[in-house]
Every structure is written in C-alpha cells, then in structure tokens.
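Structure first, then comments.
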Amino acid sequence: AQTVTQSQPEMSVQEAETVTLSCTYDTSESDYYLFWYKQPPSRQMILVIRQEAYKQQNATENRFSVNFQKAAKSFSLKISDSQLGDAAMYFCAYRSREYGNKLVFGAGTILRVKS
Amino acid sequence: GAVVSQHPSWVICKSGTSVKIECRSLDFQATTMFWYRQFPKQSLMLMATSNEGSKATYEQGVEKDKFLINHASLTLSTLTVTSAHPEDSSFYICSAQAFLPGDTQYFGPGTRLTVL
C-alpha cells in the first residue's frame, strides 16, 4: 500500500530565512503525482506545488520549490524568504491512477514562522 | 478559477438528528468528488469517493448507512450524516476533481460539525 511519511511534526523558521520540509513515500508504481498542500488556521486546503513523477525537473512556484528524488522516493519542500503568512500545517500527498486517483496524505508538519 | 464551496461552514445539531453538507464546484465540472474527515491537528482521512451518477465508494471502516453521499450532478455532491452522535463531531472537507486523470483536486473550505 502507498504510504507517505512526514518525519517532522513541527518546524520553526525565522522570517526571511529558508526552511525545508521532508517527505518520503513508498510505492511500487512508476506513474504518479506528488503534492504539497498548505492548511492555514482557516483550515482551507491550498495547493502549494505539484510534481509529476515522469518529469525530472523539480517543480517551482515562486518562493516554493521541491527536491524530487524518485529513486530515493523523497519529495521535500523548500520555502525561501519565509513570510509570516507561510505559517500553517503542510501536508505532503501522493496520488496515482492505479490507486483510483485518491490522495494519500502524510501526517503533516506544523510550520511556525518567527518574526 | 477552480473554486469549491461547502455549505454550511459550521453546524450544531442535537444527537439523533441528520445533517446534510453540500459541496459545489463553482467554475468547473467535477466528475469525481472526495469526502474527508479531519480531527484537530491530524491529517485528512478519506471517507469516500463519489462519481457523478453512480454510487459512492467508501473506504474501509466507514459506515455507508451513517454517511450517505450523493453526487447528483457534475457540480454538486452532498454528505448526509444520519442519526448523528457526539462522536461524529469533526471537520468534514470535500474536494473536487475535473475530467482529466492528472487534474488537481481542489478543496472546499470545510464544515465543522458539532453534535450535542
């Protein structure tokens, strides 16, 4: 079964600094998608970034970028120039067609941003 | 674009009553909608997957007679919690996915259910 592991329950970062959130996953499939979702205190789930497994190039969205290591089954999220509004729970998620396109979520990492 | 709404955002009901939660995709057609449950400071737990015009597929351990899901159109899915009890109190979130298999799931803002 597909599993997603986020080993950091909480992380802290100073405003304007860079932080990396870790995520590993387990799968035997070759075609899948990976996502990072952000859930602020409002609890609205917001898509941060997505990565298709067949793409070797790491996805980037403004201050957010990923380090996708397919062989190692690792998918970390780097947040540069951290802002107070980045404080939230971050979820790593996996999805594949063979699994019915259902999202499998990690346990989440709480990110605190210090001013 | 890609907005999903949920109604109500917060509902309080008495034990034994039924509650209906609506999930709408406002600017796209969703062939598939998903319903999740989330406890405080925990991850999302998938309850069921619904496809327009067909019966929902429930995850193991989810009572389908307790949580009735209807996906009557390409823009609306409903979750009805029947004979609600205090242990059903939780945060319920829906998500919607458009036609293409690679399409992203977009999430509604969630509904907080409190059963007294």
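The values are calculated or read from the model by the stated rules, or taken from the named source; none is laboratory data. Given the structure is predicted, the values throughout are model-derived calculations rather than measurements. Quick reminder, even Gly has a Cβ in these numbers, built from the backbone with ideal geometry, and neighbours come from all protein chains shown. We work out accessible area using only protein heavy atoms, side chains counted, and drop any ligands, DNA or RNA first. Shrake-Rupley method; radii C 1.70, N 1.55, O 1.52, S 1.80 Å.
What full-extension length gain, to one decimal in nm, is calculated for A:Ala16 and A:Ala71 as 0.36 nm per residue of separation minus the Cα-Cα distance?
Working: separation 55, 0.36 × 55 = 19.80 nm, distance 3.17 nm.
Working it through step by step, the gained length comes to 16.6 nm.
Can you give the Rg to Rh ratio for chain A, taking only C-alpha atoms and Rh from Kirkwood? Can you show the working numbers first?
On the way: Rg = 13.6 Å, Rh = 14.2 Å.
Taking Rg over the Kirkwood Rh, I get 0.96.
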Of B:Trp10, B:Cys23, B:Ala48, which is farthest towards the positive pole of region B:1-106's charge dipole, taken about the Cα centre with +1 and -1 on the beta-carbons of Lys, Arg and Asp, Glu respectively? B:Trp10
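Treating only the Cβ of Lys, Arg, Asp and Glu as charged (+1, +1, -1, -1), what charge dipole size does the protein assembly as shown show about its Cα centre? Round to the nearest 20 debye. Intermediate results must be reported in sequence, preceding the final value.
Details: 22 positive and 20 negative charges, 48 e Å.
For this selection, approximately 240 debye.
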Just to confirm my understanding: which cysteines in chain B have no other cysteine beta carbon less than 4.7 Å from their beta carbon? B:Cys13
With all pairs of different alpha carbon atoms counted, what Kirkwood hydrodynamic radius in Å does region B:3-80 show? 13.3
Say each of A:Leu84 and B:Leu116 gets a label point 7 Å from the Cα, pointing the same way as Cα to Cβ; how far apart are those two points in nm? 3.7
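Using a 10 Å Cβ count of at most 16 others and DSSP loop calls, identify the longest part of chain A lacking such GluC sites (Glu not before Pro). Intermediate results must be reported in sequence, preceding the final value.
Values: sites that count: A:Glu15, A:Glu17, A:Glu29.
The reported range is A:30-115.
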Tally Lys and Arg at +1 and Asp and Glu at -1 over the other residues with C-beta under 11 Å from the C-beta of B:Gln38: what net charge comes out? +4
Return the sequence-ordered ³J(HN,Hα) values of region B:18-31 in whole Hz as given by the Karplus equation 6.51 cos²θ - 1.76 cosθ + 1.60 applied to θ = phi - 60°, using x for Gly and Pro. 10, 10, 10, 10, 9, 10, 10, 8, 7, 10, 7, 8, 10, 6
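Given a cut-off of 18 Å, name the pairs among A:Lys70/A:Lys102; B:Lys20/B:Lys64; A:Lys102/B:Lys41; A:Lys102/B:Lys55; B:Lys14/B:Lys66; A:Lys38/A:Lys70 whose C-alpha atoms lie farther apart than that in the structure shown.
On the way: A:Lys70/A:Lys102 20 Å; B:Lys20/B:Lys64 14 Å; A:Lys102/B:Lys41 21 Å; A:Lys102/B:Lys55 16 Å; B:Lys14/B:Lys66 16 Å; A:Lys38/A:Lys70 22 Å.
Result: A:Lys70/A:Lys102; A:Lys102/B:Lys41; A:Lys38/A:Lys70 exceed 18 Å.
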I'd like the chymotrypsin sites (Phe, Trp or Tyr not before Pro) in region A:1-61 restricted to DSSP loop residues with at most 15 other Cβ atoms within 10 Å, sorted by number. A:Tyr54
Using a 1.4 angstrom probe and counting only protein chains, how large is the accessible area of A:Lys55 in Å², to 10? 90
